[in-house]
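First up is the structure itself, then whatever we jot down about it.
The values are calculated or read from the model by the stated rules, or taken from the named source; none is laboratory data. Only a predicted model underlies this, so the values are computations on that prediction, with no experimental measurement involved. Neighbour counts run over all protein chains shown; Cβ positions are idealised from the backbone, glycine included.
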Amino acid sequence: MLHLKETTFVSTKWLHNNLNLPQLVILDATLTDKKCSASFIPQSRYFDLKQHFSDLNNSLPHTLPQAQDFALAAAKLGIHNDSIIVVYDQNGIYSSVRCWWMFKAMGHHNIYIIDGGLPQWLNDKLPTTTCYITAATEYFTATLTNGCFCDKEHILNNLDSKSAIVFDARSPARFSAREPETRDNLNSGHIPQSINMHYASVLDQGCFKSKETLAAMFATYAPSLQQPLIFTCGSGVTACILAAAAKLVGYRNISVYDGSWSEWGNKKLQLPFCQQNHILCDASPK
């Protein structure tokens, strides 16, 4: 059995050297309506976040499905509980991290992200294919781990308790209401007391920055690794990038607000929000 469970990332070289590894499952988790790339990593299967791994009964985008629905969708991809999953996306680091976090939340820890994704694979001039593979349906069980995701009630309670620090992965312009939201019927601004750390600030040329650099970024606001952290964004995708960065640093009490601003900013809900007195993390990409 592969012993990588304390590792979040694998390199393109590692994957290339282990393509024949038994129980290996490679997922392309690109978030798109079209499979826009003409090339894929060999043996890839398409992880369809929108149609198969979201709660289609929820009006909010990309929300986590029920455990039994997640398990069924995973099984149809040929995934079982002993599978070694490696996930990537065509953007480098983007929606692959949402896939990784979802499997972690559902109790499957033997999953790893290709740091740099498909662009890094292509840059390394490794072999590609032009189509996805299909696999026989397997049996997969899923149990949601408490705390990996949180809801708006948890955020509301935290406004009083202040037990967790909330980081918002959206752009500074959206966070501070200088730029309108891309979805209809949403307020512009951010959750009160939240800190803006744009997801791109933890990346360098499509890969995660070093552990030391990330640790310095987080330490300004959360010097203790025991500090509870909550991550939010527009629809729960880029929040997972910050969650992965925090995990790489060593934080353990990490949660993603599943509804994110698509829920909190809904004008009908009339939840409290701010447009000024915001905190912008000075962590622009370098």
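A few comments on the model shown:
- Total residues in segment 137-168 satisfying the condition of being among the aromatic types (Phe, Trp, Tyr) and part of a loop (DSSP other than H, G, I, E, B): the figure is 2.
- For segment 151-169, taking the residues that are touching a strand residue (DSSP E or B) at 6+ places or on another chain (Cβ under 8 Å) and under 18 Å from GLN226 (Cα atoms), the one that is surrounded by the most Cβ atoms within 10 Å (Cβ to Cβ) is identified as PHE167.
- Residue within segment 219-232 that is hydroxyl-bearing (Ser, Thr, Tyr), at negative phi, under 19 Å from the mean Cα position of the chain (by Cα) and in a loop (DSSP other than H, G, I, E, B) present: no
- Of all residues in segment 44-81, exactly one satisfies the criterion of being free of Cβ contacts under 8 Å to residues at least 40 places away in the same chain, surrounded by 19 or more Cβ atoms within 10 Å (Cβ to Cβ) and among the polar types (S, T, N, Q), namely SER54.
- The C-beta contact set for segment 179-208 (first residue without any contact (Cβ under 8 Å) to a residue 60 or more places away in the chain and among the aromatic types (Phe, Trp, Tyr), second residue surrounded by 15 or more Cβ atoms within 10 Å (Cβ to Cβ) and in a helix (DSSP H, G or I), distance under 7 angstrom, 6+ apart or interchain) comprises TYR199/ILE241; TYR199/LEU242.
- Some residue of segment 67-76 being at pLDDT 95 or above, farther than 27 Å from ALA169 by Cα and either assigned to a loop (DSSP other than H, G, I, E, B) or in contact with an Asp or Glu (Cβ under 7 Å, 6 or more places away or on another chain) (or both): yes
- Residues that are surrounded by 13 or more Cβ atoms within 10 Å (Cβ to Cβ), on the phi < 0 side of the Ramachandran plot and not hydroxyl-bearing (Ser, Thr, Tyr) within segment 174-191 comprise ARG174, PHE175, GLU179, GLU181, ARG183, LEU186, ASN187, HIS190, ILE191, listed in sequence order.
- Each residue in segment 169-191 was checked for being under 18 Å from TYR221 (Cβ atoms) and assigned to a loop (DSSP other than H, G, I, E, B), and 4 of them qualify.
- Within segment 93-109, being out of contact with any Phe, Trp or Tyr (no Cβ under 7 Å at 6 or more places or on another chain) and crowded, with 19+ Cβ neighbours inside 10 Å holds for TYR94, SER95, VAL97, ARG98, TRP100, TRP101, PHE103, LYS104, HIS108.
- Count of segment 70-94 residues which are in contact with a Ser or Thr (Cβ under 6 Å, 6 or more places away or on another chain) and under 17 Å from THR8 (Cα atoms): 3
- The residues of segment 95-145 that are without any contact (Cβ under 8 Å) to a residue 40 or more places away in the chain and of a type in the set (Val, Ile, Thr) amount to a single one, ILE111.
- Test result for LEU60, under 28 Å from GLY259 (Cβ atoms), in a loop (DSSP other than H, G, I, E, B) and of a type in the set (A, V, I, L, M): yes
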